[in-house]
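The values are calculated or read from the model by the stated rules, or taken from the named source; none is laboratory data. Because the structure is a prediction, the values reported are computed rather than measured. Cβ sites come from the backbone with ideal geometry, for glycine too, and all protein chains shown count toward neighbours.
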Amino acid sequence: MLNDVKQVLITEEQLLEKVKELGEKITNDYKDSDNFIVIGVLKGAVVFMSDLIRSIELPLKIDFMAVSSYGTSTESSGVVRILKDLDESVEGKDVLIVEDIVDSGLTLSYMHKILKSRKPASLKICTLLDKPNRRKVDLKIDYLGFEIPDDFVVGYGLDYAGKYRNLRDICVLKPEIYKG
Ligand code: PRP
Ligand code: MN
Ligand code: MG
């Protein structure tokens, strides 16, 4: 697995420090909420989300949604579909969507639209990574970890063809891996 890595972009230590910082901000911003739900976008957000919720010192619930736009390629297909919906209603709740990365923005703008229509009390977005150069649709990010260049990254939840999610750092893959 590590043989396929060209470079470590963000170390585990930097990731955990940032997660702590985001958790403190979120704790402060949601301290008056009595109906706080954190929604993770499967599967990429799972690792970040599991660290993030443990750095939020407030009562909260979690739920997951799976929407996919990528399939197995490195380019967005532009098609977003719901593979798994939420278990519970978000009506009247303070909803925080957690993502691993915003690329074209299609996944999150779609999710934002869907969840907004379900009448939450509030709706915000937290993403660990952002590739602003790749944006195709306008999107407001409320909590951001790191802005990164347009390299194909894996690890800490992010995959290539379903693999590498369990790498502890955010890594840049060797181009020969995904160019075949
Ligand atoms: C990736 C990533 C984001 C989305 C970002 O998910 O985890 O959810 O793409 O791209 P976008 O801004 O261009 O929509 P993917 O569809 O690969 O599914 P996964 O999370 O299961 O890996
Ligand atoms: Mn994803
Ligand atoms: Mg993926």
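Scanning segment 127-165 for residues that are within 27 Å of Glu24 (Cβ to Cβ), surrounded by fewer than 17 Cβ atoms within 10 Å (Cβ to Cβ) and in contact (Cβ under 8 Å) with a residue 60 or more places away in the chain yields one hit, Phe146.
Does segment 82-102 contain at least one residue that is over 17 Å from Lys116 (Cα atoms), touching a helix residue (DSSP H, G or I) at 6+ places or on another chain (Cβ under 7 Å), within 16 Å of ligand 2 (Cβ to nearest atom) and modelled with pLDDT of 95 or more? Yes, that holds for at least one residue.
In this structure, is Gly180 under 17 Å from Ala45 (Cβ atoms) and not β-branched (Val, Ile, Thr)? No.
Taken together, the residues in segment 149-174 that are away from ligand 2 (no atom under 15 Å from the Cβ) and β-branched (Val, Ile, Thr) amount to 1. Sort out which residues of segment 81-137 are within 16 Å of ligand 3 (Cβ to nearest atom) and either among the charged types (D, E, K, R) or on the phi > 0 side of the Ramachandran plot (or both), and write them in order of number. Residues satisfying the conditions are Arg81, Lys84, Glu99, Asp100, Asp103, Gly105, Asp130, Lys131, Arg134. Among the residues making up segment 112-133, a single one is within 9 Å of ligand 1 (Cβ to nearest atom) and either modelled with pLDDT under 95 or polar (S, T, N, Q) (or both): Thr127. One residue alone among Lys174, Lys179, Lys163 is over 18 Å from Thr107 (Cα atoms) and out of contact with any strand residue (DSSP E or B) (no Cβ under 8 Å at 6 or more places or on another chain), and that residue is Lys179. Within the set Lys31, Lys6, Lys25, the sole residue that is basic (Lys, Arg), part of a helix (DSSP H, G or I) and either touching a residue at least 40 places away in the same chain (Cβ under 8 Å) or exposed (fewer than 13 other Cβ atoms within 10 Å of the Cβ) (or both) turns out to be Lys25. Using the structure shown, decide if Lys136 is of a type outside the set (Gly, Ala, Ser) and within 11 Å of ligand 1 (Cβ to nearest atom). So Lys136 fits the description; yes.
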